[in-house]
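*Asks:* Quick one: the structure is below, questions incoming.
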Amino acid sequence: MDRSQENSGTVEVRNAHRFDTEKLCEWMAANIDGFAAPLTVEQFRGGQSNPTYKLITPRRNYVLRRKPPGALLPGAHAVDREYRVIAALAQQGFPVAEALGLCLDESVIGTAFYVMEMVEGRIFWEPSLPEIARTDRPAYFDAMNATIAALHRVEPEAAGLGDYGKPGNYFERQIGRWSKQYLGDVEAGRIEDMDRLVKWLPDNIPNDDNEARVIHGDFRCDNMVFDPAQPRVRAVLDWELSTLGHPLADFSYHLMMYRMPADLFSGLSGLDLDALNIPSEADYVAAYCARTGRSGIANLDFYFAFNMFRLAAILHGIKGRLARGTAASAHAGKMVEGLPALADLAWRQAALASAL
């Protein structure tokens, strides 16, 4: 079974994530304009952190995202932040699902949650876009490129998000945050390459750590809903890791697909990009720079090392949640299997940065 089959569609709500549907129905009737029962709840296969549900009614379908039940790390799974950012970005014309209602009352379904529109379209789980005709792939890559560039052109103050994070010193703060989370999650164990990166990264931050834009934090093809018939992004999903931060951290995370092996988190490294008719890494960078007014991107190797470390720390957290029994996805265990290889790749990227 490939990633598309593993993550697409819905299943019966998992035992650990069940709640009182009648209570939710009552809340929606009181808070969601146009809602009409009966309500059927299914759980999306994908999603490693915040459990995500499809809410089916006779008139329309909705999506619900909630904090997972159980013991959580401080500051994690802030669904109220997700709700705030998608509501604000919608006002700026950025493609997101419409935010319909936020509930912080844990007595309704057990944890805080929000409801948004169900955006219909196509989700691609592999960056090589095997479902798309070879001649059409450049247009889909260009649509992703244009979308992340548009996000980084949003002025935080104008969008009402000037206080959505701390401006400046993004890498310093993020390295500290993820290092602390990695070191503190004792149930997940330790990894030698991660220990090395915890020491190396703070000493190698580039001298350009003061830009601040709204960043997504997990900008990948499978977090976008594309139009069913054309290369256009209808909605960017999963804003759990969004904040004010350095746009090049965000873009290089997205760009990391070019450095990831195809058999590790479905990257493009090792594939014949010419045969697939996929733009080269250099061309993709050039397109982003043209859209954001940059002359180029220095320090890419550091950015890649940072993002691989950050992703490894996230997976390390999933490993810890598996140990505590609170992981949201049935496929979380399979993802965690790649953690040592990712940490090794991150350390090798750091070695490239050090050699410059």
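*Asks:* Full-extension gain between residue 14 and residue 272, please, as 0.36 nm times their residue separation minus the C-alpha to C-alpha distance.
*Replies:* The residue 14-residue 272 span can extend by a further 88.9 nm.
*Asks:* Next up: Using only alpha carbons, build the gyration tensor for the chain and give me the equivalent ellipsoid semi-axes, biggest first, whole Å.
*Replies:* Details: eigenvalues 197, 114, 86 Å².
Sorted largest first and rounded, they come to 31, 24, 21 Å.
*Asks:* Here's a follow-up. At a Cα cut-off below 18 Å, give the aspartates and glutamates reachable from residue 199, other chains included and same-chain residues fewer than 8 away excluded.
*Replies:* 172, 185, 301, 344
*Asks:* Follow-up question, since we're still on this one. Taking a label point 7 Å from the Cα of residue 105 along the Cα→Cβ vector, which residues of the range 5-40 have an amide N closer than 19 Å to it?
*Replies:* Within reach of a label on residue 105: 19-37, 39.
*Asks:* Could you tell me what percent of the DSSP beta bridges with both partners in the chain are antiparallel, to the nearest 5? Each step should come with its number before you reach the end.
*Replies:* Numbers: 27 of 28 bridges.
The antiparallel fraction comes to roughly 95 percent.
*Asks:* A further question follows. Hey, which lysines would be in cross-link range of residue 67, C-alpha to C-alpha under 30 Å, not counting anything within fewer than 8 residues on its own chain?
*Replies:* Within the straight-line cut-off, residue 67 pairs with 23, 54, 166, 180, 319, 334.
*Asks:* Same structure, new question: Full extension from residue 31 to residue 227: what is 0.36 nm times the residue separation minus their Cα-Cα distance, to one decimal in nm? Each step should come with its number before you reach the end.
*Replies:* Numbers: separation 196, 0.36 × 196 = 70.56 nm, distance 2.89 nm.
Fully extending the segment from residue 31 to residue 227 adds 67.7 nm.
*Asks:* Would you work out if the range 3-117 is rounded, prolate or oblate? Take a ≥ b ≥ c from the square roots of the eigenvalues of the alpha-carbon gyration tensor; rounded if a/c is under 1.5, else prolate when a/b is larger than b/c, oblate otherwise.
*Replies:* Rounded, since a/c falls under 1.5.
*Asks:* Taking the simple approach of a point 7 Å from Cα along Cα-to-Cβ for both residue 280 and residue 295, what is their distance in nm?
*Replies:* 2.2
*Asks:* Sticking with this one: Sorted by packing (mean other beta-carbon atoms within 10 Å per residue), highest first, where do 264-276, 237-249 land?
*Replies:* Values: 264-276: 14.6, 237-249: 22.6.
Listed from highest to lowest mean packing, they are 237-249, 264-276.
Just so you know, all these numbers are worked out from the coordinates, no wet-lab data involved. Quick caveat, the model's predicted, so the values are computed rather than measured. A quick note on method: Cβ atoms are made from the backbone with ideal geometry, for glycine too, and the neighbour counts reach across all protein chains shown.
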